[in-house]
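The values are calculated or read from the model by the stated rules, or taken from the named source; none is laboratory data. If you're wondering where the values come from, they're calculated on a predicted model, not measured in any experiment. Every residue, glycine as well, gets a Cβ built from its backbone with ideal geometry; the counts of neighbours run over all protein chains shown.
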Amino acid sequence: MQKGLLTLAITLIYTFGFSQDKLLTIQDALNKGRTTLAPKRLQGLGFIPNSNKVAYIENNELIIVDGETGKTVSKISTIALNKDLIIASLDTVSAFEGLSWQNENQFYFNNKKGEWLHSLDKKTTVKSERKVNDFSLENLETFKVGETYSYVSGNNIFVSNNGKTNQVTTDGSYQIVNGKSVHRDEFGITKGLFWSPNGNALAYYRMDQSDVDDYPIIDWTTYPAQNKNIKYPMAGKKSHYVTVLVYNLKNNISTKIKTEGPKDQYLTNITFSPDEKYIYIVVLNREQNHFKVNEYDATGGDFKRTLFEEKDEKYAEPLNPMLFVKNNPSQFIWQSRRDGFNHFYLYNINGALIKQLTKGNWEVKDDAGFDDKGENLFFSATEQSPINQDFYSVNLKSGKIKKLTQDNGYHTAAISKQGDYVIDNFTSCYIPREFRVINTKTGKSNTFYKAENSIKDYKLGKWNLFTIKNVEGTDLHCRMFKPVGFDSTKKYPVIVYLYNGPHSQMVTNTWMAGGELWYQYMAQQGFIVFTLDGRGTNYRGKAFEQAIHRQVGTKEMEDQISGVNYLKSLPYVDATRLGVHGWSYGGFITTSLMTRYPGTFKVGAAGGPVIDWSYYEIMYGERYNDSPQENKEGYAKNNLLNYVDKLQGKLLMIHGAQDPVVVWQHSIMYQKKAVDKGIQLDYYVYPGHEHNVLGRDRAHLMEKICNYFIYNL
């Protein structure tokens, strides 16, 4: 494929702004920034089964679009539906709730009396006979809706099959956790229950936490306050012990899979063979530099063979399970960064590599499944640019790759069941959102909806995307928001908003360059807001991400300082009024910059910061920094307690009092060290909040941060 480059004239020169009169409040920016002031997202959007038609809901109207033409073919409003319901003596509705399709002519919806089935041509409504799940069940994992499903209660697993419920485990407790996500949600793990393809078996995690230290989380809402311990495995200390078991629905027996090895190894990327005879598990060592893709007997639990292994001198991070080729159980797809970028590899079931399906200095982001015959695999990738996303297909036999989406920007696609049509949700730096339908065979694309610019009536600062070079000459992607009424002859203060940690990307070719509406609030206050994604961030290849290994914070700061030097070169930037803000890993980088590059920034706001990496979790911390025993120098160099006395300027540190991710102790230790050293520090705690301050309190948080910069810059 020929690489399509972003047009520099657009990314460097072209900016966008409006000259309206309304001003944002911080409450507007935070409370409405992802709802009424965000580009509209279509509710109920999806393909109607066994058709090329697309349906969505807008303004209490159900709209049906012909996928081949992009034209609206029919509409039904809640007013029209209610007329039919009144005739049938049924309760009316105020909105289309619980909408799903039975076929091209019938859809389900909910009213006060439950679920109903409505026929478009006959205009009749009957009570739904299909069974539904109780979505209040913990860790609900469904095989067949309303009939076969599993869930967790009291850390024990239950399976319901055709109206009969069996308790699968009985040892669930504070120490023993069954059926839930393990390994702190690393390695692509998001759940703890895994149905086999035909629903005859359920694989599940069992996690023994008895070796892991208790960690106190204080509940401040009780009288008096109470301690509620959690298990928190800190770097270099003992970890939990995870096993995988398979429950057979026919004999109600669970079998332990014999994943022999150290107790603290990681088990991830679980999948069954299509015939349910085998289960495949990726076994990763605690050092996270060597994993095996192992096959086990799903019935007896015995180890059968290792299909292949991968090693890496820094770290290996398996994130995706085997994907069996549709209609061909003898082949599967594997994702790997073995050549430096994440790509697809086609294997046979014996573990022999057939071919590498995708290749280049770009990354596959995720797969979207196969077409009806299993001949083509659909996927999203960054082939055009690291800040873009496009949708492709690759033919498994020929290896030919076909780009299905057009236009420079970010495409989020959903494929039809047959693989013949795609819904393309498109946005770019200056386009709020557009929805298209694409014919995967002809490539024909039809736009059926364009979202309005929901902030067009507000005074806004102009924004743009561009790149700068770091000290190694590598391009770094940046975005900048300029003040409302920008005057290049004036000097402006700057807020550098950052994260710059692994598995992150803040700068994207999406609406407002991926920025948030509070940037515009600050632009109204006369600030420039600048963001840069440096080494360690995602979708730039393995070397770019792994540059931070064993020295977290160092390379990231180097790249952020490259951004600072760029800002200082601009005639309209006041280099004496620079601020920096970030949360979590961004809080760590913020505090690092304030103390390891003292005087560079006048003001900083660090939220939920990691201060000492030996107090962070094993799985994430040891991947990027190895263990404290293996990397004493790296841990000491990036322990921010060692730099407290170097602080210059104003630093606001914020933490959630119930944070189970970056535990509160990090910033408390920093506070204590600041007192010991006679260093003044501003500090704020949000009781009742965990790692992120969410809900209505988020506006309070951002008002505090924004005011801190306004008052001090």
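Does the range 565-586 contain any residue that is under 25 Å from Glu287 (Cβ atoms), of a type outside the set (Lys, Arg), out of contact with any Cys (no Cβ under 6 Å at 6 or more places or on another chain) and in the same structural domain as Met522 (by TED's automatic domain parsing)? Within the range 565-586, one or more residues are under 25 Å from Glu287 (Cβ atoms), of a type outside the set (Lys, Arg), out of contact with any Cys (no Cβ under 6 Å at 6 or more places or on another chain) and in the same structural domain as Met522 (by TED's automatic domain parsing).
Restricting the first member to the range 157-176 and to residues that are within 16 Å of Thr142 (Cα to Cα) and among the aliphatic types (A, V, I, L, M), and the second to residues that are part of a strand (DSSP E or B) and modelled with pLDDT of 95 or more, the beta-carbon pairs closer than 6 Å and six or more apart or on different chains are Ile157/Asn178; Ile157/Tyr204; Val159/Ser150; Val159/Asn166; Val168/Ile157; Val168/Val159; Val168/Tyr247.
Restricting attention to the range 632-639, does a residue exist that is surrounded by 21 or more Cβ atoms within 10 Å (Cβ to Cβ), of a type outside the set (Gly, Ala, Ser) and either assigned by TED's automatic domain parsing to the domain that holds Pro609 or assigned to a loop (DSSP other than H, G, I, E, B) (or both)? Scanning the range 632-639 turns up at least one residue that is surrounded by 21 or more Cβ atoms within 10 Å (Cβ to Cβ), of a type outside the set (Gly, Ala, Ser) and either assigned by TED's automatic domain parsing to the domain that holds Pro609 or assigned to a loop (DSSP other than H, G, I, E, B) (or both).
The residue list Leu90, Leu99 contains one member that is assigned to a strand (DSSP E or B) and either of a type in the set (A, V, I, L, M, F, W, C) or under 20 Å from Val126 (Cα atoms) (or both), which is Leu99. Could you check, for the range 642-653, whether at least one of its residues is part of a loop (DSSP other than H, G, I, E, B), on the phi > 0 side of the Ramachandran plot and over 29 Å from the mean Cα position of the chain (by Cα)? Checked the range 642-653: at least one residue is part of a loop (DSSP other than H, G, I, E, B), on the phi > 0 side of the Ramachandran plot and over 29 Å from the mean Cα position of the chain (by Cα).
Residues being crowded, with 21+ Cβ neighbours inside 10 Å and either over 27 Å from the mean Cα position of the chain (by Cα) or modelled with pLDDT under 95 (or both): count how many of those fall in the range 441-469.
3
Here's a check for you: in the range 80-97, which residue that is surrounded by fewer than 17 Cβ atoms within 10 Å (Cβ to Cβ) and in contact (Cβ under 8 Å) with a residue 12 or more places away in the chain is farthest from Ile423 (Cα to Cα)? Residue satisfying both the conditions and the ranking: Ala88.
Do we have Tyr585 as aromatic (Phe, Trp, Tyr), more than 21 Å from Phe530 (Cβ to Cβ) and within 20 Å of the chain's Cα centre (by Cα) here?
Values: aromatic (Phe, Trp, Tyr): yes; more than 21 Å from Phe530 (Cβ to Cβ): no; within 20 Å of the chain's Cα centre (by Cα): yes.
Answer is no for this residue.
Scanning the range 130-184 for residues that are among the polar types (S, T, N, Q), in a loop (DSSP other than H, G, I, E, B) and under 20 Å from Ile270 (Cβ atoms) yields Asn155, Thr169, Ser181. Looking at the range 191-212, can you tell me whether even one residue there is touching a helix residue (DSSP H, G or I) at 6+ places or on another chain (Cβ under 7 Å), farther than 18 Å from Gly300 by Cα and not in a loop (DSSP other than H, G, I, E, B)? No.
Please return the ranges of strands (runs of 3 or more DSSP E) entirely within the range 318-402 where 3 or more residues are over 25 Å from Asp533 (Cα atoms) and of a type in the set (S, T, N, Q).
On the way: elements: 323-325, 328-336, 343-348, 353-356, 364-370, 376-381, 390-395.
Where strands (runs of 3 or more DSSP E) fall fully within the range 318-402 and carry at least 3 residues being over 25 Å from Asp533 (Cα atoms) and of a type in the set (S, T, N, Q), they are 328-336.
Within the range 45-57, residues that are under 17 Å from Gly98 (Cα atoms) have Cβ atoms under 8 Å from residues that are basic (Lys, Arg) and part of a strand (DSSP E or B) in these pairs: Phe47/Lys53, counting only partners at least 6 apart in sequence or on another chain.
A quick yes/no check of all residues on (1) on the phi < 0 side of the Ramachandran plot; (2) hydroxyl-bearing (Ser, Thr, Tyr); (3) at pLDDT 95 or above; (4) in contact with a His (Cβ under 7 Å, 6 or more places away or on another chain):
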| site | (1), (2), (3), (4) |
| --- | --- |
| Thr576 | yes, yes, yes, no |
| Gly579 | yes, no, yes, no |
| Gly582 | yes, no, yes, no |
| Gly586 | yes, no, yes, no |
| Thr595 | yes, yes, yes, no |
| Lys602 | yes, no, yes, no |
| Asp612 | yes, no, yes, yes |
| Tyr616 | yes, yes, yes, no |
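The residues listed here are Phe544, Phe527; of these, the one that is of a type in the set (Phe, Trp, Tyr) and under 14 Å from Lys462 (Cα atoms) is Phe527. Selection over the range 28-63 of residues that are out of contact with any strand residue (DSSP E or B) (no Cβ under 9 Å at 6 or more places or on another chain) and surrounded by fewer than 18 Cβ atoms within 10 Å (Cβ to Cβ) gives a count of 5.
Matching residues to (1) farther than 30 Å from Ala201 by Cα; (2) touching a residue at least 60 places away in the same chain (Cβ under 8 Å); (3) assigned to a strand (DSSP E or B); (4) over 30 Å from the mean Cα position of the chain (by Cα):
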| site | (1), (2), (3), (4) |
| --- | --- |
| Pro216 | yes, no, yes, no |
| Thr222 | yes, no, no, yes |
| Ile230 | yes, yes, yes, no |
| Lys238 | yes, no, no, no |
| Leu245 | no, no, yes, no |
| Asn251 | no, no, no, yes |
| Leu267 | no, yes, yes, no |
